[in-house]
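*Asks:* Dumping the structure here so I can ask a few things about it.
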Amino acid sequence: MWLRAKTRQTRQLNNKKKMTDKDYKFWTKFRGNTSTRITYEELKRIAQMHSEYYKHTFFIPCSCNKKKIQRFIDDLNKVYESRENA
C-alpha cells in the first residue's frame, strides 16, 4: 500500500510541464465530446500525451483496462485545468 501511495505522489510531482496549444485544443474538443466511447486514435493520443506530461515510456493501455484509461484522462484533466487557471 505504501508503494502505491508513493507512485501516485511521484506521478503528481512530475507534472510540471504546461500543456501545449495543440494539446490544449485537442483536449478541449475531447472534453466537449458527449460520447461514452473513445476511438483508438483518441486512446493513442491520450497515451502519448500522458507519457509526455508524466515522463514515462509510451504505451497504449489495453482497452479492457477502463480504470487505467480513466486514470490517464483524470491526470490529463489536471494538466489541462492547471493551464486554464494559470
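*Asks:* Residue by residue through segment 69-85, which ³J(HN,Hα) values in whole Hz follow from phi under the Karplus form 6.51 cos²θ - 1.76 cosθ + 1.60 (θ = phi - 60°), with glycine and proline marked x?
*Replies:* 4, 5, 5, 4, 5, 4, 5, 5, 4, 5, 5, 4, 5, 5, 6, 4, 7
*Asks:* Can you list the aspartates and glutamates whose alpha carbon is less than 19 Å from that of LYS29, not counting same-chain residues fewer than 8 positions off?
*Replies:* Excluding near neighbours in sequence, the set is ASP21, GLU41, GLU42, ASP74, ASP75, GLU81, GLU84.
*Asks:* Here is a follow-up. Quick one: which of LYS25/LYS66; LYS22/LYS66; LYS44/LYS66 span more than 21 angstrom between C-alpha atoms?
*Replies:* LYS25/LYS66; LYS22/LYS66
Any read-out appearing in this document is the output of simple, stated calculations on the displayed coordinates, not a laboratory observation. Predicted, not measured: the structure shown is a model, and the values here were computed from it.
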